[in-house]
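> Take this structure, written in C-alpha coordinates, and hold onto it; I'll ask about it next.
The values are calculated or read from the model by the stated rules, or taken from the named source; none is laboratory data. The structure presented is a predicted model; accordingly, all values stated were derived computationally and were not measured. Positions of Cβ are backbone-derived with ideal geometry, glycine not excepted, and every protein chain shown enters the neighbour counts. SASA here: full protein model, heavy atoms, side chains in, ligands and nucleic acids out. Shrake-Rupley method; radii C 1.70, N 1.55, O 1.52, S 1.80 Å.
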Amino acid sequence: TDASGQLVGRVRRQVDVNHIQDAYLRLTLRPNDLLPTQTQLMQNYPNPFNPETWIPYQLKKSTTAAIDIYDQRGRLVRTLDLGDRGAGFYQSRADAAYWDGRNDAGESVASGVYFYQLRVGDFSQTRRMLILK
(Lines give C-alpha, C1' and ligand atoms only; values in the text may rest on other atoms or scores of the structure.)
Protein backbone atom coordinates (compact mmCIF):
# COMPACT_ATOMS: atom_id res chain seq x y z
CA THR A 1 0.00 0.00 0.00
CA ASP A 2 1.10 3.58 -0.51
CA ALA A 3 1.05 6.40 2.06
CA SER A 4 -2.66 6.97 1.48
CA GLY A 5 -3.48 3.29 2.03
CA GLN A 6 -4.20 2.46 -1.63
CA LEU A 7 -3.16 -0.98 -2.85
CA VAL A 8 -0.28 -0.66 -5.32
CA GLY A 9 0.69 -4.31 -5.72
CA ARG A 10 0.95 -7.74 -4.19
CA VAL A 11 3.99 -9.65 -2.98
CA ARG A 12 3.99 -13.36 -2.42
CA ARG A 13 6.62 -14.95 -0.19
CA GLN A 14 6.89 -18.52 0.97
CA VAL A 15 7.86 -18.86 4.65
CA ASP A 16 9.53 -22.02 5.86
CA VAL A 17 10.68 -23.32 9.26
CA ASN A 18 14.06 -21.60 8.98
CA HIS A 19 12.40 -18.19 8.59
CA ILE A 20 10.29 -18.80 11.68
CA GLN A 21 13.30 -19.91 13.72
CA ASP A 22 15.19 -16.79 12.63
CA ALA A 23 12.29 -14.62 13.79
CA TYR A 24 12.64 -15.70 17.42
CA LEU A 25 15.46 -14.92 19.80
CA ARG A 26 16.41 -17.70 22.12
CA LEU A 27 17.21 -16.33 25.54
CA THR A 28 18.09 -18.26 28.65
CA LEU A 29 17.16 -16.42 31.84
CA ARG A 30 18.59 -17.25 35.22
CA PRO A 31 16.92 -16.21 38.52
CA ASN A 32 19.64 -13.61 39.09
CA ASP A 33 18.65 -11.95 35.80
CA LEU A 34 15.13 -11.38 37.11
CA LEU A 35 15.91 -10.29 40.67
CA PRO A 36 17.54 -7.12 41.98
CA THR A 37 21.23 -7.30 42.86
CA GLN A 38 20.73 -4.92 45.78
CA THR A 39 18.06 -3.74 48.18
CA GLN A 40 17.15 -0.16 47.40
CA LEU A 41 14.59 2.52 48.21
CA MET A 42 13.50 4.69 45.28
CA GLN A 43 11.99 8.17 45.05
CA ASN A 44 8.29 8.38 45.78
CA TYR A 45 5.90 9.47 43.05
CA PRO A 46 4.40 11.86 42.49
CA ASN A 47 6.71 14.16 44.42
CA PRO A 48 5.52 16.66 45.53
CA PHE A 49 2.15 15.08 46.17
CA ASN A 50 -1.32 15.73 47.53
CA PRO A 51 -2.93 13.71 49.03
CA GLU A 52 -1.33 10.34 48.24
CA THR A 53 1.94 8.86 47.05
CA TRP A 54 3.58 5.57 46.14
CA ILE A 55 6.98 4.54 47.44
CA PRO A 56 8.85 2.09 45.18
CA TYR A 57 11.58 -0.21 46.44
CA GLN A 58 13.41 -3.39 45.52
CA LEU A 59 14.58 -6.29 47.66
CA LYS A 60 17.62 -8.44 46.98
CA LYS A 61 16.26 -11.27 49.14
CA SER A 62 13.05 -12.26 50.89
CA THR A 63 12.58 -10.41 54.15
CA THR A 64 10.17 -8.58 56.45
CA ALA A 65 9.94 -4.93 55.42
CA ALA A 66 8.54 -1.67 56.76
CA ILE A 67 8.65 1.99 55.81
CA ASP A 68 8.73 4.63 58.53
CA ILE A 69 7.68 8.19 57.73
CA TYR A 70 9.14 11.07 59.76
CA ASP A 71 8.43 14.79 59.89
CA GLN A 72 11.14 17.48 59.63
CA ARG A 73 11.84 17.27 63.36
CA GLY A 74 12.47 13.52 63.19
CA ARG A 75 9.21 12.50 64.85
CA LEU A 76 7.67 9.27 63.60
CA VAL A 77 4.45 10.10 61.74
CA ARG A 78 3.45 6.72 60.32
CA THR A 79 4.74 3.20 59.88
CA LEU A 80 3.77 1.27 56.76
CA ASP A 81 4.17 -2.38 57.71
CA LEU A 82 4.85 -4.17 54.43
CA GLY A 83 5.09 -7.61 56.04
CA ASP A 84 6.99 -10.52 54.53
CA ARG A 85 8.10 -9.75 50.98
CA GLY A 86 9.88 -11.87 48.45
CA ALA A 87 12.94 -10.75 46.55
CA GLY A 88 11.92 -8.56 43.63
CA PHE A 89 10.95 -5.18 42.29
CA TYR A 90 8.08 -3.27 43.94
CA GLN A 91 7.81 -0.28 41.64
CA SER A 92 4.35 -0.09 40.07
CA ARG A 93 1.34 1.43 41.81
CA ALA A 94 0.06 -2.10 42.38
CA ASP A 95 3.27 -3.20 44.14
CA ALA A 96 4.88 -0.12 45.69
CA ALA A 97 4.16 0.98 49.25
CA TYR A 98 1.19 3.36 49.41
CA TRP A 99 0.82 6.32 51.77
CA ASP A 100 -2.37 8.35 51.97
CA GLY A 101 -0.73 11.36 53.67
CA ARG A 102 -2.16 10.48 57.08
CA ASN A 103 -0.50 9.83 60.43
CA ASP A 104 -1.02 6.73 62.58
CA ALA A 105 -4.12 8.38 64.13
CA GLY A 106 -5.70 8.76 60.66
CA GLU A 107 -5.30 12.55 60.52
CA SER A 108 -4.03 14.30 57.38
CA VAL A 109 -0.52 15.62 57.88
CA ALA A 110 0.44 19.21 57.10
CA SER A 111 2.25 20.40 54.00
CA GLY A 112 6.00 20.19 54.24
CA VAL A 113 9.07 18.01 53.95
CA TYR A 114 8.91 14.44 55.23
CA PHE A 115 11.41 11.61 55.25
CA TYR A 116 10.72 7.96 54.60
CA GLN A 117 12.96 5.09 55.59
CA LEU A 118 12.92 1.51 54.33
CA ARG A 119 13.82 -1.01 57.05
CA VAL A 120 14.68 -4.59 56.10
CA GLY A 121 16.83 -6.69 58.41
CA ASP A 122 20.03 -4.76 59.14
CA PHE A 123 19.57 -2.51 56.07
CA SER A 124 17.91 0.89 56.03
CA GLN A 125 17.79 3.70 53.52
CA THR A 126 16.14 7.12 53.81
CA ARG A 127 14.77 9.55 51.21
CA ARG A 128 12.98 12.90 51.26
CA MET A 129 9.51 13.80 49.96
CA LEU A 130 7.30 16.86 49.87
CA ILE A 131 3.57 17.26 50.54
CA LEU A 132 1.84 20.33 49.08
CA LYS A 133 -1.76 20.97 50.09
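> I need the chymotrypsin sites (Phe, Trp or Tyr not before Pro) found in region 1-105, filtered to DSSP loop residues with at most 13 other beta carbons within 10 Å of theirs.
Of the chymotrypsin sites (Phe, Trp or Tyr not before Pro), the ones in loops of region 1-105 whose Cβ has at most 13 other Cβ atoms within 10 Å are TYR24.
> Another question, then. Accessible area of ASP2, 1.4 Å probe, to the nearest 10 Å²?
Using a 1.4 Å probe on the heavy atoms, I get roughly 70 Å².
> Only sites in a loop by DSSP and with at most 12 other Cβ atoms within 10 Å count here; which trypsin sites (Lys or Arg not before Pro) in region 1-97 make the cut?
Taking region 1-97 and a limit of 12 other Cβ atoms within 10 Å, the loop trypsin sites (Lys or Arg not before Pro) found are ARG10, ARG12, ARG13, ARG26, ARG73, ARG75, ARG93.
> Still on this model: Per-residue ellipticity at 222 nm for the chain, helices alone: DSSP H runs ≥ 4 residues times -39500 (n - 2.57), over residue total, nearest 500 deg cm²/dmol?
Dividing the helical sum by the residues of the chain leaves -1500 deg cm²/dmol.
> How big is the chain in terms of Cα radius of gyration and Dmax, in angstroms?
When restricted to the Cα atoms of the chain, Rg and Dmax are 23.8, 73 Å.
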